[in-house]
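Here is the structure we will look at, set down as structure tokens.
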Amino acid sequence: MTTGTLRKWGNSQGVIIPKLYCDEVGIRTGDRISITTDKEMIIIKPDKEFTLQALMAGYEGNKPEIVWPDSEDKPVGRELW
């Protein structure tokens with residue numbers, strides 16, 4: 001394990017993360033990260049980005065519309081048709 005030094009960075013504090021660790025978890029300069037704590041640990045993880053490509057991964061296209069047999073396509077409540 002590599003040890004580092006906590007340094008002042010404006011009104012915050014920062015630490016340098018070795019490239020080896022960044023490569024291992026798949027983060028690069030400019031990527032968003034998530035920082036949380038758990039008891040005596042600070043946990044840094046890649047932040048999941050919600051891009052269109054990520055949200056649509058695995059999408060197989062339009063599915064057929066489900067028509068319930070007893071609905072007869074008539075409004076039941078205050079639906080606007």
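Points to keep in mind about this one:
- Once the range 10-26 is narrowed to residues that are among the hydrophobic types (A, V, I, L, M, F, W, C), under 17 Å from Asp47 (Cβ atoms) and free of Cβ contacts under 8 Å to residues at least 24 places away in the same chain, the residue that is surrounded by the most Cβ atoms within 10 Å (Cβ to Cβ) is Cys22.
- Residue count, the range 27-64 (criterion: charged (D, E, K, R) and either surrounded by fewer than 10 Cβ atoms within 10 Å (Cβ to Cβ) or touching a residue at least 60 places away in the same chain (Cβ under 8 Å) (or both)): 8
- Of all residues in the range 1-57, those that are assigned to a helix (DSSP H, G or I), modelled with pLDDT of 85 or more and within 16 Å of the chain's Cα centre (by Cα) total 1.
- Failed item in (1) surrounded by 10 or more Cβ atoms within 10 Å (Cβ to Cβ); (2) assigned to a loop (DSSP other than H, G, I, E, B); (3) of a type in the set (A, V, I, L, M), with Val67 passing the rest: (1)
The values are calculated or read from the model by the stated rules, or taken from the named source; none is laboratory data. What you are looking at is a predicted structure, and each value in this text was computed from that prediction instead of being measured. Note that we place each Cβ from the backbone using ideal geometry, even for glycine, and neighbour counts take in every protein chain shown.
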